[in-house]
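The values are calculated or read from the model by the stated rules, or taken from the named source; none is laboratory data. From a predicted model like this one, the values you see are computed outputs, not experimental measurements. Quick reminder, even Gly has a Cβ in these numbers, built from the backbone with ideal geometry, and neighbours come from all protein chains shown. What goes into the accessible areas is simple: the full protein's heavy atoms, side chains included, and nothing from ligands, DNA or RNA. Shrake-Rupley method; radii C 1.70, N 1.55, O 1.52, S 1.80 Å.
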Amino acid sequence: MIVAFIDDNRHEFGVEPIVRALKGTAARIAVSSYYAFKKRERDC
(Lines give C-alpha, C1' and ligand atoms only; values in the text may rest on other atoms or scores of the structure.)
Protein backbone atom coordinates (compact mmCIF):
# COMPACT_ATOMS: atom_id res chain seq x y z
CA MET A 1 0.00 0.00 0.00
CA ILE A 2 1.31 3.43 -0.90
CA VAL A 3 0.52 4.92 2.52
CA ALA A 4 2.71 2.28 4.17
CA PHE A 5 5.53 3.10 1.73
CA ILE A 6 5.26 6.79 2.59
CA ASP A 7 5.17 5.97 6.32
CA ASP A 8 8.31 3.85 5.98
CA ASN A 9 10.24 6.60 4.20
CA ARG A 10 8.77 9.90 5.40
CA HIS A 11 11.36 10.44 8.13
CA GLU A 12 14.19 10.28 5.62
CA PHE A 13 12.60 12.11 2.67
CA GLY A 14 9.40 13.82 3.88
CA VAL A 15 5.85 13.27 2.65
CA GLU A 16 5.74 16.01 0.02
CA PRO A 17 8.95 14.99 -1.79
CA ILE A 18 7.80 11.36 -1.93
CA VAL A 19 4.42 12.40 -3.34
CA ARG A 20 6.16 14.60 -5.95
CA ALA A 21 8.39 11.68 -6.95
CA LEU A 22 5.35 9.44 -7.42
CA LYS A 23 3.50 11.96 -9.61
CA GLY A 24 2.90 10.50 -13.03
CA THR A 25 3.19 6.90 -11.84
CA ALA A 26 0.51 4.35 -11.06
CA ALA A 27 1.29 4.90 -7.37
CA ARG A 28 0.40 8.61 -7.36
CA ILE A 29 -1.37 10.05 -4.33
CA ALA A 30 -2.18 13.58 -3.25
CA VAL A 31 -0.60 14.91 -0.06
CA SER A 32 -4.08 15.73 1.24
CA SER A 33 -5.22 12.15 0.55
CA TYR A 34 -2.30 10.77 2.52
CA TYR A 35 -3.09 12.95 5.53
CA ALA A 36 -6.85 12.24 5.27
CA PHE A 37 -6.14 8.51 5.32
CA LYS A 38 -3.88 8.90 8.35
CA LYS A 39 -6.56 10.93 10.16
CA ARG A 40 -9.23 8.30 9.45
CA GLU A 41 -6.81 5.62 10.66
CA ARG A 42 -6.39 7.43 14.02
CA ASP A 43 -10.12 8.10 14.43
CA CYS A 44 -11.07 4.41 14.19
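Surface exposure of the chain, expressed per residue as accessible area with a 1.4 Å probe, stands at 77 Å².
Taking only protein heavy atoms and a 1.4 Å probe, the accessible area of the chain is 56% carbon and sulfur. Computed over the alpha-carbon pairs of the chain, the distance histogram in 5 Å steps reads 5, 23, 35, 24, 10, 3, 0 percent, short to long. Given +1 at the Cβ of Lys and Arg, -1 at the Cβ of Asp and Glu and no other charges, the dipole of the chain around its Cα centre is 200 debye to the nearest 20.
Using alpha carbons only, how many degrees (0 to 90, rounded to 10) separate the axis of helix 2-13 from the longest principal axis of the chain? Around 70 degrees separate the two axes. Farthest toward the positive end of the dipole of the chain, out of H11, M1, I29, is the Cα of I29, where the dipole comes from beta carbon charges about the Cα centre.
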